[in-house]
Each structure stands twice: as C-alpha cells, then as structure tokens.
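K.L.:
Dropping a structure here in structure tokens format, bear with me for questions.
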Amino acid sequence: MGDIDDLNRTELVETCRAAGIGSVGRTQPREQIYEVLEGITAPSEIECPLEGKRKMMQQHIEKNWRRLRTQLPGCTGKCVSYGCPNIIVQRCWKGFDGDIL
C-alpha cells in the first residue's frame, strides 16, 4: 500500500476496518482517522457527527412510540444505545425531521 496521505477517506476507513478498528466513518475528518490509525486516539473517543440527530430521534421515538411503532418495523427506538449505521440514521432523520424540528 502507498503512502497514507494518498488514500481517500473511504480507503482510510477500510484500512481501519482491515486493522480491526471499527466505529470510524467517512464523515470523520482525515486528521481524526489518522490519529485512530496511529493509535493516538481510540475510535470510541471520536463523536460521530450524527450523534446529535440520533439523540433527538431517540427522544422523539420514545415520546411518540405508540404512534410510531407500526411505522418502524424491526426498530427498537434505541438510536443511541443500539447504534444504527449512519445510513439508517440519515434515512430515519429524513423521515422525522418535519416532526422533530
């Protein structure tokens, strides 16, 4: 593999996965991904940019669970503790943003 600076974000994330490091996404700044790869920062120390949306959605789902449970098959409504993949968070947010905001 070439120099790490030549890798794009997707390649950096895949390098992390190949090294057994999870919880690193393409939305993280390159510097944070470098720090994780170099062992300076633990992946758990990096807050995902979607955490705020996860928290807001979980609160919304908890408040409206009786109404929403049939619309969310297979969903526990535990966006934060379950840790849904970012793409699922984005899809849910798009569906809820009118209700939440």
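The values are calculated or read from the model by the stated rules, or taken from the named source; none is laboratory data. A quick note: this is a predicted structure, and the numbers were derived from the prediction, not measured. With ideal geometry, Cβ positions are generated from the backbone for all residues, glycine too; neighbour counts draw on all protein chains shown.
K.L.:
Given the condition modelled with pLDDT of 80 or more and in a loop (DSSP other than H, G, I, E, B), answer yes or no: does some residue in region 46-65 qualify?
P.N.:
Taking every residue of region 46-65 in turn, at least one turns out to be modelled with pLDDT of 80 or more and in a loop (DSSP other than H, G, I, E, B).
K.L.:
Now for a different question. List the residue pairs whose Cβ atoms are under 8 Å apart, where the first residue sits in region 1-19 and is closer than 18 Å to Q32 by Cβ, the second is of a type in the set (V, I, T) and at pLDDT 80 or above, and the two are 6 or more positions apart or on different chains.
P.N.:
Close Cβ pairs satisfying both conditions: I4/T15; L7/T15; R9/I33; L12/I33; V13/I33; C16/I33; C16/V36.
K.L.:
Ok, one more. With respect to K94, determine if the residue is loosely packed, with under 13 Cβ neighbours inside 10 Å and either within 28 Å of Q28 (Cβ to Cβ) or assigned by TED's automatic domain parsing to the domain that holds Q28 (or both).
P.N.:
yes
K.L.:
While we're here: So which pairs qualify, if the first residue must be in region 37-48 and under 16 Å from T15 (Cα atoms), the second must be modelled with pLDDT under 70 and among the hydroxyl-bearing types (S, T, Y), the Cβ gap must be under 6 Å, and the two must be at least 6 apart or on different chains?
P.N.:
These pairs meet every condition: P43/S23.
K.L.:
To continue, here is another question. Among the candidates T27, T41, T76, single out the residue that is at pLDDT 80 or above and either surrounded by fewer than 13 Cβ atoms within 10 Å (Cβ to Cβ) or part of a loop (DSSP other than H, G, I, E, B) (or both).
P.N.:
After applying the criteria, what remains is T76.
K.L.:
For a quick check of your reading of the model, give me the residue pairs whose first member lies in region 52-73 and is closer than 14 Å to G98 by Cα, whose second is of a type outside the set (A, V, I, L, M, F, W, C), with beta-carbon atoms closer than 6 Å and at least 6 apart or on different chains.
P.N.:
These pairs meet every condition: I61/G77.
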